[in-house]
Amino acid sequence: MFSFFRKKSPAPAEPAAAPAAPATPAGSAPATAAPADSPRQGWLDKLRAGLRKTGGQIATVFTGTRIDDALYEELESALLMADTGVAATTHLLDDLKRRVKEAKATDPQAVKGLLADAIADLLAPLQKPLVIGEHQPTVIMVAGVNGAGKTTSIGKLTRHLSQDGATVLLAAADTFRAAAREQLAVWADRNTVEIITQQGGDPAAVSFDAVTAGKARGRDVVLVDTAGRLPTQLHLMEELRKIKRVVQKAEATAPHEVLLVIDGNTGQNALAQVKAFDDALGLTGLVVTKLDGTAKGGVLCAIARQHPVPVYFVGVGEKLEDLETFDAREFAQALLN
C-alpha cells in the first residue's frame, strides 16, 4: 500500500451527472477501518515489532501505580536514552504534564496514552505525502551516507511507484562506491525498469543523461542515486551540489525532490546528517531506515523539534515491502505499544 498523491491532468468536460463521492488521494486509507489482515495492518505489526527496543524502555516507566515527580524523571531518562534529544524531551514532558492536568489523569497507563498523543502531535508536521505528477518527469535526487540503505531504499521506492502505475527511470550516479552501479542494476531488474549508467562516468553527466532520457521517453519519475558520503567530506558534498546544478540544466525546475536516507540506528548523528545535507542541498524529505532492532527510534522526535524536514517513508526490514509511508499517529502508537 502506497499513499502518495499522484496529480493527474484534468479530464475533458462531460455532461452534468449526479454528484459522486469525493475522490481520495491514491492509496489513501478509506473512511472505514481496515480489516485486521489488510496490508497496512501487516505493516503496522512490523513497525510495532521494529520499535520494540525503543518503546520497551519507555513503557517500563508506566508500570507503577503513581503519577509523581519520580515518574517524570524516569520518563525523561527513557526519552533521552531513546535519542529523543533534550529539546524534544523537554517539549514532550511539558506537553504531557499539561495534558495530565487537563485530563485529571490518575492512572500511569492513561498517562502513557497521553504521551502517545503528545508524540503524535509533535511528529504531525513531518507527515507529508510525496507528490508525483506535477512535473513530467518528477526528478528525485537521493542522498545519504554509506551504509544508511540508500540504494536499497531506492529499489523499494521504485517498487512503490511502479505498483501505483508510475513509470520509473533510474540513474546510477553513485560512481564513487565500488559495485554501486551493479547493485542498482539488480534493483532495476527486480522492478523491471530502465536504468541509465556509464562505465566510470561522471556522476553529474549520468544524472544529466537520465533526466534528458526521462523527458524524451515520457517517464513519470527519474530517481537519481548519488554517491554515499559523510557531511565532513567537503569535496564530495560539493559534487552533490554539482549534480543538482547539472540536473537543473537538463530541466530548469528539477530536482523536484531531494531526499536523504538516514539510518535510524545512528540516533543523534542522524539529526546532524539532516542539518548538514539540508544546508548543502535543501532537503525536501527523509527516508528513515533500519528502525527494526534499534533503541534510538526517538530521533524522529528530535528531528521534528530541531530540524523538521518531512519524513516520507520509514523502513523496518530488508524486503521490498518493508518500506512504507510515514504516519505520525501510527508511529507514536507503535512506539508505545
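Here are the numbers for this structure:
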quantity	calculated
Residue within the range 39-61 that is touching a strand residue (DSSP E or B) at 6+ places or on another chain (Cβ under 7 Å), in a helix (DSSP H, G or I), surrounded by 12 or more Cβ atoms within 10 Å (Cβ to Cβ) and at pLDDT below 80 present	yes
Criterion: touching a residue at least 24 places away in the same chain (Cβ under 8 Å), open to solvent by less than 20 Å² (accessible area, probe 1.4 Å) and basic (Lys, Arg) - qualifying residue of Lys156, Lys128	Lys156
Every residue from the range 146-164 that is in a loop (DSSP other than H, G, I, E, B) and out of contact with any Asp or Glu (no Cβ under 8 Å at 6 or more places or on another chain)	Asn146, Asp164
Positions within the range 277-299 being open to solvent by 30 Å² or more (accessible area, probe 1.4 Å) and either touching a residue at least 60 places away in the same chain (Cβ under 8 Å) or not in a loop (DSSP other than H, G, I, E, B) (or both), in sequence order	Asp278, Asp279, Lys290, Asp292, Gly293, Ala295, Lys296
Criterion: at pLDDT 90 or above, polar (S, T, N, Q) and under 21 Å from Trp43 (Cβ atoms) - qualifying residue of Thr294, Thr253, Thr325, Thr284	Thr325
Of the criteria (1) open to solvent by 10 Å² or more (accessible area, probe 1.4 Å); (2) at pLDDT below 90; (3) touching a helix residue (DSSP H, G or I) at 6+ places or on another chain (Cβ under 6 Å), which one Thr151 fails	(1)
Set Ala272, Ala302: member being hydrophobic (A, V, I, L, M, F, W, C) and over 21 Å from Ala332 (Cα atoms)	Ala272
Residue check for Met81: open to solvent by 100 Å² or more (accessible area, probe 1.4 Å), closer than 30 Å to Thr266 by Cα and either of a type in the set (A, V, I, L, M) or modelled with pLDDT under 80 (or both)	yes
Single unsatisfied condition, Ala216 versus (1) at pLDDT below 95; (2) not in a strand (DSSP E or B)	(1)
Residues (closer than 17 Å to Leu236 by Cβ and under 14 Å from the mean Cα position of the chain (by Cα)) located in the range 246-261	Val258, Leu260, Val261
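Matching residues to (1) more than 19 Å from His160 (Cβ to Cβ); (2) of a type in the set (Ser, Thr, Tyr); (3) more than 27 Å from the chain's Cα centre (by Cα); (4) surrounded by 20 or more Cβ atoms within 10 Å (Cβ to Cβ):
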site: Val186; (1), (2), (3), (4): no, no, no, no
site: Asn191; (1), (2), (3), (4): no, no, no, yes
site: Glu194; (1), (2), (3), (4): no, no, no, no
site: Gly200; (1), (2), (3), (4): yes, no, yes, no
site: Pro203; (1), (2), (3), (4): yes, no, no, yes
site: Phe208; (1), (2), (3), (4): yes, no, no, yes
site: Ala216; (1), (2), (3), (4): yes, no, yes, no
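The values are calculated or read from the model by the stated rules, or taken from the named source; none is laboratory data. Note that the structure is predicted; figures quoted are calculated from it, not measured. No Cβ is skipped: glycine too gets one built from the backbone with ideal geometry, and neighbour counts run over all protein chains shown. What goes into the accessible areas is simple: the full protein's heavy atoms, side chains included, and nothing from ligands, DNA or RNA. Shrake-Rupley method; radii C 1.70, N 1.55, O 1.52, S 1.80 Å.
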